[in-house]
Amino acid sequence: MSGGGPPKKRNFKIELFKHRVELDPKYAERTWKVLEHAIHEIYNHNASGLSFEELYRSAYNMVLHKYGEKLYDGLERTMTWRLKEISKSIEAAQGGLFLEELNAKWMDHNKALQMIRDILMYMDRTYVPQSRRTPVHELGLNLWRDHIIHSPMIHSRLLDTLLDLIHRERMGEMINRGLMRSITKMLMDLGAAVYQDDFEKPFLDVTASFYSGESQEFIECCDCGNYLKKSERRLNEEMERVSHYLDSGTEAKITSVVEKEMIANHMHRLVHMENSGLVNMLVDDKYDDLARMYNLFRRVFDGLSTIRDVMTSYLRETGKQLVTDPERLKDPVEFVQRLLNEKDKHDKIINVAFGNDKTFQNALNSSFEYFINLNNRSPEFISLYVDDKLRKGLKGATEEDVEVILDKVMMLFRYLQEKDVFEKYYKQHLAKRLLSGKTVSDDAERSMIVKLKTECGYQFTSKLEGMFTDMKTSQDTMIDFYAKKSEELGDGPTLDVHILTTGSWPTQPCPPCNLPTEILAICDKFRTYYLGTHSGRRLTWQTNMGTADIKATFGKGQKHELNVSTYQMCVLMLFNSTDGLTYKDIEQDTAIPASDLKRCLQSLACVKGKNVLRKEPMSKDISEDDTFYFNDKFTSKLVKVKIGTVVAQKESEPEKQETRQRVEEDRKPQIEAAIVRIMKSRRVLDHNSIVAEVTKQLQARFMPNPVVIKKRIESLIEREFLERDKADRKERGMRLIRHHICPDRFESGNRDMEPPTQAQLEAEVEGNYCRSGVPEGRRAFAMKRHLYTYAHASNMIVQNRFGVWSHRDQGYIRRTRYFKFVKIGWGLSRLRRVCQQHGVFAWYQCTPRREELEAAEAGVRRLFSRHTPAWMKKQKRLQRRERERDERRLNKQKRPLALKQQQLKAQAPMTRAVLLFAYMLFYLDKMKTMCVSFFEDKMEVIYIFVIQP
């Protein structure tokens, strides 16, 4: 053998027989006869004597020897003949036996199909796919459909029988659900199209007709609640019917039919049904019926919106009656309590019956917001309700109960459109509670303020928090006063002073009354102490807001302690020296305003059980001819008697108008500020867009009137903050002229500058805008921001609409886009002269305090470190190193310290002048720009830091 490789493998191959197998021509016919006989025996229930192995081999051989077509056609003919025989048997069944016979034959046919398919399995796997014929089992189903179900004698009878049984079940009869389930499953097995076309569509049509008639019958004889119960029961019955013997896909279709016929077609009639509709359910708190209506109506299109619209209409109508009924407005506390009860009631309905649906909650909120704001006194009444609760209504309540009540009040507060009116009244009521010491709990008061702060922001409650701060400060002040002045005071009357900050408290100008001599002496001592402790302050006694405790002795030696107001104390102290006084004498001696004096005397003489004075003639009203006497016969079971001033719980009409006027005045600057904010961001805007934007910005605090907005726009135009766009006058377009001050005047084409005239200076003082008295041919304008300083040593740079003016060069220079810093080394006189030439005349009149200068220095150090460019930081590092090197050289030379102090002292005037100039810039533009100065290691170099817009 040659080579050393492994031997080659031989490839084995199976070849067909070279000779042809001859088959007996009668073999196929004999074999088919055997198979046909077996099929008949299977249908005749004699399959136990058959050999399935031999039958399978016979069918296998026929297919193998190319007799598959003969086998398949013979099977189809045999099954067709058998099904025709079965059809006759089914047609012969009478009455209730019809469905049973059909079901029995169907079960037999299914079993026969299973056996036949097993015998002809080889044909099913080879011949059927190759010749694209129908599989054996599917063929049997198709033949059953064509010869049984679609038989003219069976088809209509089957449908009528099924629909009749369903109708009988709807009417309350019992039917064989198992048999129904078998028949409907047979239809589904024959194909979804058979089930839908031969049963489902007629079934749905009959169902629609049935429920259309029944719903009409129900709605004529039942109220809304009972109708909804019947509809719910019918809907549940249909769903149960589907689960028992219908196809699951039928559920959506049958429920849609029931919903349409029972609910959708009668929806509007149901909700408006007299004495039982939706409104009656809401009034009578029928939670079950409301929940049933909600669950049924949510199934149909536009169902929930129908309920929501009716509920909204009802709420708005009842709410309107509630807030406009004069009888219900007499008691503000009861008025607000009714609102809270209504809100709680409908909240429960939405939570229990409507599944806490957000759309219904929104509808409830919009309805309450609508009718609460119909009464412009709602803010006052809500504040009075809070005042009542925080005075006495929350006594004994737990912390959780207090939070619940305050949360409910805040819920009503959110509905108010005029929250600023509520703020006015709440401030007044809070002031009275704090000054009289009648608040139930400081924690409750602070909790209410925290809730208001969370809802409206810090500015809304800043003054309210200031009141508490003043009360704490006053308490500490009085402790210190009595600690230092206890020896001087002796055994005289005790004074408790509340020092109120003017801006935080709702104080009003109060004419001074004549205090008793005993009280006046200690008041003067306190004034001396306080003004000596605090410089630059002024004290004004608010006698209309104070209270006093007086010890009085009546007939038979009865002693009582009277708690009265300051005015009442002044009146009662007059009776220490006399028994009777006329009205005019009291008015002259006390100098109390007439309206307050009448209320004071009325509470002292006309209130039963608290009449420490006696009036002649006796009447409920006070006149100028009345005479008052000390009532020796006054008796009371209490040692301490509180005599309140007769005052209306609600504001009188003049007081109401005055409060409203104050609110309107406070709104004007807020509207103007909103307009300017909008115009600064938009620059040009038409009138309607301005009104819309202002309304959007301010609606969280109050709803501005478009007429007022228009007046504020006109005011801004008159003051030349805005101007009408000349190119768009038809659209009423507005253009922002300026949003800051700092005038600057130049002549177009002529660079010489002219100092302003006296008239122009006066105009600048009033309006901060220098346009009056400008000669014709000159163009005067305001700077966009302020005086800009650029990198030109010892130079004043001013920016205007034409460019950047250089005082040194007496002309315009090229603008730079970077932040620049400049060293200013001018003296005071030169700065003053240059600034006057630029129209800035009043800067030297502002003399900042040391604290302000230090604050400006600290602030600009922070800004400088944050915004300093890289090149400036590098330059500063080099300067610092040079300065340190110079200091080391000076120390080596041992120069006296006095010389260095003398140098700094010589530089002080220039430093002061530059600092004043920088403060002037900051003063003119302190709201929108950052232009301040700082010392650099206490040397003469001052940087003016400007952020370019």
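The values are calculated or read from the model by the stated rules, or taken from the named source; none is laboratory data. This one's a predicted model, so the numbers in the text were calculated from it and none came from an experiment. Cβ atoms come from the backbone with ideal geometry, glycine included; neighbour counts cover every protein chain shown. All accessible areas refer to the heavy atoms of the entire protein, side chains included, with ligands and DNA or RNA removed. Shrake-Rupley method; radii C 1.70, N 1.55, O 1.52, S 1.80 Å.
If the chain linking residue 37 and residue 233 were pulled fully straight, counting 0.36 nm for each residue of separation and taking away their Cα-Cα distance, it would gain 65.0 nm.
By the equivalent-ellipsoid construction on the alpha carbon gyration tensor, the range 384-458 comes out with semi-axes of 19, 15, 11 Å, ordered largest to smallest.
Measuring r between the beta carbons of residue 400 and residue 636 and using R0 = 45 Å, the FRET efficiency lands at 0.75.
Here the range 70-87 is scanned for amide nitrogen atoms under 11 Å from the site 7 Å beyond the Cα of residue 131 along Cα-to-Cβ, giving 70-76.
Summing charges over neighbours of residue 142, with a neighbour being any other residue whose Cβ is under 12 Å away from its Cβ, gives -2 when K and R count +1 and D and E count -1. Computed extension gain for residue 248 through residue 53, at 0.36 nm per residue and net of the alpha carbon distance, reaches 66.1 nm.
These residues, 427, 484, go from largest to smallest accessible area, 1.4 Å probe, as 484, 427. Summary value for the range 26-256: 18 percent relative contact order, contacts being C-alpha pairs under 8 angstrom separated by 6+ residues.
Extension gain, residue 680 to residue 547, is 42.8 nm, computed as 0.36 nm per intervening residue step minus the present C-alpha separation. Spin-label model, residue 443 to residue 714: label points 7 Å out along the Cα-to-beta-carbon direction sit 5.5 nm apart. Given a Förster distance of 56 Å, report the FRET efficiency between residue 174 and residue 29 from their Cβ-Cβ distance, rounded to the nearest 0.05. Calculated value: 0.50. Model label points for residue 623 and residue 887, set 7 angstrom from Cα along the Cα-to-Cβ axis, are 9.0 nm apart.
In units of the compact-protein estimate 2.2 N^0.38 Å, the range 77-163 shows a Cα radius of gyration of 1.22.
With a cut-off of 10 Å between beta carbons, the residues surrounding residue 434 carry a summed charge of 0, where Lys and Arg count +1 and Asp and Glu -1. Among the protein heavy atoms, those of residue 636 account for about 40 Å² of accessible surface (1.4 Å probe, every chain in place).
Rounded to 0.05, the FRET efficiency of the residue 88 and residue 280 pair, given R0 = 60 Å and the Cβ-Cβ distance, is 0.40. Within the shell of other residues whose beta carbon sits under 11 angstrom from the beta carbon of residue 289, the net charge comes to -2, with Lys and Arg scored +1 and Asp and Glu -1.
Along each principal axis, taking the top coordinate minus the bottom one, the Cα set of the range 547-644 gives 32, 27, 24 Å in descending order.
Computed over protein heavy atoms with a 1.4 angstrom probe, the accessible surface ordering of 500, 412, largest first, is 500, 412.
Accessible surface comparison of 626, 388, 443, probe 1.4 Å, protein chains only, largest first: the order is 443, 388, 626.
Ellipsoid fit via the Cα gyration tensor, the range 236-278: semi-axes of 29, 10, 5 Å, each the root of five times an eigenvalue, largest first. When the surface is traced with a 1.4 Å probe over the full set of protein chains, residue 401 keeps roughly 80 Å² accessible.
Here are some pairs, 556/640; 668/710; 84/105; 453/680; which of them have Cα atoms lying more than 21 Å apart in this structure? Flagged as over cut-off: 453/680. Once backbone amide H atoms are built at 1.01 Å from N, residue 547 has 566 as its partners under 5 Å, excluding neighbours fewer than 5 places away on the same chain.
Over the range 26-256, one equal point on each Cα, no solvent: what is log10 I(q)/I(0) by the Debye formula at q = 0.10, 0.12, 0.13, 0.14 Å⁻¹? The Cα Debye sum returns log10 ratios of -0.58, -0.75, -0.83, -0.91.
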